[in-house]
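Peer 1: I'd like to ask you about the structure that follows.
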Amino acid sequence: MGPRPSILMLRIRSVLFVVAFYAVLIGYLLTTWPFFLIPGRAPWRIVISWAQVSLFLQRWIAGTRVEFRGRENIPDGGFLIAAKHQSMWETFALIPCFPEADFILKKELLAIPVFGWCAARMGMIPVDRNGGRKALVAMCKDAKKVVDDGRQVVLFPEGTRRPPGAPPDYKVGIVFLYDKLGQPCLPVALNSGLFWPRRSWVRRPGTIVVEFLPPIEPGLDRSTFMSRLENEIETASDRLIAEALAAPNPPPVPESFARRTAAGPL
C-alpha cells in the first residue's frame, strides 16, 4: 500500500463518495420503482445491482476494498444469518452474497418514501422493537415462510450499530428465531466500523473483511446457542479489527476497542 493519505485528501474522497453514494441511491429509487410492480422477486435484481454499484464506488472513490472469507461455510437452502452490525455498510454489502435472502428491519424504515414501499414490496420482514412478544411471534411467522421456501433470513442480533470493540448487546430476537425456525444459523463477523464509522461521513481506505463462520447447528438450547453465537461472532470480529489495525496505514484505533483491549486480553 502507498503512503497514508492526507487529511485533506481523505475528506475530499469521503465527500465525493458520500455524494455519489446517495445520488446513486436516489437515482435508483426514482427511476426503478415501476419495476417493483412486477410480480415475484425479479425486481430484487435491481437491489443487487445497486449494492454492487455502491461497492464499486466505494472501492474507486474512497479506496475501500472488500474481502469475503469463509464462503465455503455458507450452507444450502433456507437458514438464519446472524451478522455483526458496526455500520450502515453491511445493510447493503451483504445483499449480493445472499441474493435470495430477506432482511429483518426496523418497522420505522417502511415509512421512508419509496424505499419503504420497495422494501415492503420485496417481502422484507419488519419488526416493531417495542412490540414485545407479539412482535417476535409475527417476525418468526414471516421468517418461517422464507426459510420454508428455501431462502435465507438476515438479522443483526444486536438490533443497532455498535462501535468496533464495544461490549456486545445481543437481543432475545435472535434466540427466538433460532428456536422457532429449527434451521442452522450462520454467524457473520466483520470489521466495517473501522472504515465506515457510524455517525460520521468519513470513509476510510483499506480493506473491510467479512468472515462467514461455520454454521451453528439447530437444536441447541437457548442459553447454549446465545453464548456460542456471541462468543464466535465477537471473537472473530475482534480478530478482524486487530488484523486491520496491524496492517500498513491502518485506520485510527476506535476508543471503544482501545478501552476493551486495555482491560485485558480479548
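Peer 1: Residues that are among the aliphatic types (A, V, I, L, M), closer than 14 Å to residue 81 by Cα and open to solvent by less than 70 Å² (accessible area, probe 1.4 Å): does the range 106-123 have at least one?
Peer 2: So in the range 106-123, the residues among the aliphatic types (A, V, I, L, M) come out as 109-112, 114, 119-120, 122.
If we keep only those that are closer than 14 Å to residue 81 by Cα as well, we get none.
No: the range 106-123 contains no residue that is among the aliphatic types (A, V, I, L, M), closer than 14 Å to residue 81 by Cα and open to solvent by less than 70 Å² (accessible area, probe 1.4 Å).
Peer 1: Another question about this same structure. Out of the range 73-91, which residues are buried (at least 20 other Cβ atoms within 10 Å of the Cβ) and assigned to a helix (DSSP H, G or I)? Step through it out loud before you land on a result.
Peer 2: First pass over the range 73-91, keeping only residues buried (at least 20 other Cβ atoms within 10 Å of the Cβ): 78-87, 89-90.
Within the range 73-91, 89, 90 qualify.
Peer 1: Could you run through the range 221-264 and say how many residues are open to solvent by less than 30 Å² (accessible area, probe 1.4 Å), on the phi < 0 side of the Ramachandran plot and not aromatic (Phe, Trp, Tyr)?
Peer 2: First, the residues of the range 221-264 that are open to solvent by less than 30 Å² (accessible area, probe 1.4 Å): 225, 229, 233-234, 236-238, 240-241, 244, 251, 254, 256-257, 264.
Now drop any that are not on the phi < 0 side of the Ramachandran plot, which leaves 225, 229, 233-234, 236-238, 240-241, 244, 251, 254, 256-257.
Now narrow it down to the ones that are not aromatic (Phe, Trp, Tyr): 229, 233-234, 236-238, 240-241, 244, 251, 254, 256.
Looking only at that region, the number is 12.
Peer 1: Can you find, within the range 94-105, the residue that is farthest from residue 76 (Cα to Cα) among those that are surrounded by 14 or more Cβ atoms within 10 Å (Cβ to Cβ) and out of contact with any helix residue (DSSP H, G or I) (no Cβ under 6 Å at 6 or more places or on another chain)?
Peer 2: Restricting to residues being surrounded by 14 or more Cβ atoms within 10 Å (Cβ to Cβ) and out of contact with any helix residue (DSSP H, G or I) (no Cβ under 6 Å at 6 or more places or on another chain), the top hit is 105.
Peer 1: Suppose we filter 52, 58 for residues that are loosely packed, with under 15 Cβ neighbours inside 10 Å and closer than 30 Å to residue 233 by Cβ; which single one remains? Spell out how you get there, then give the answer.
Peer 2: Details: 58 fails: loosely packed, with under 15 Cβ neighbours inside 10 Å.
The unique qualifying residue is 52.
Peer 1: Is it the case that the range 62-72 has a residue that's part of a helix (DSSP H, G or I), over 17 Å from the mean Cα position of the chain (by Cα) and under 22 Å from residue 233 (Cα atoms)?
Peer 2: Yes.
Peer 1: Pick out the one residue from 4, 13 that is surrounded by 12 or more Cβ atoms within 10 Å (Cβ to Cβ) and modelled with pLDDT of 85 or more. Spell out the reasoning first.
Peer 2: Values: 4 fails: modelled with pLDDT of 85 or more.
Answer to the check: 13.
Peer 1: A further question follows. Residue 162 is checked against (1) modelled with pLDDT of 95 or more; (2) buried (at least 18 other Cβ atoms within 10 Å of the Cβ); (3) among the charged types (D, E, K, R) and fails just one. What number does that condition carry?
Peer 2: The failed condition is (1).
The values are calculated or read from the model by the stated rules, or taken from the named source; none is laboratory data. Because the structure is predicted, anything quoted here is derived from the model rather than measured. A quick note on method: Cβ atoms are made from the backbone with ideal geometry, for glycine too, and the neighbour counts reach across all protein chains shown. Heavy atoms of the whole protein, side chains included, go into the accessibility calculation; ligands, DNA and RNA do not. Shrake-Rupley method; radii C 1.70, N 1.55, O 1.52, S 1.80 Å.
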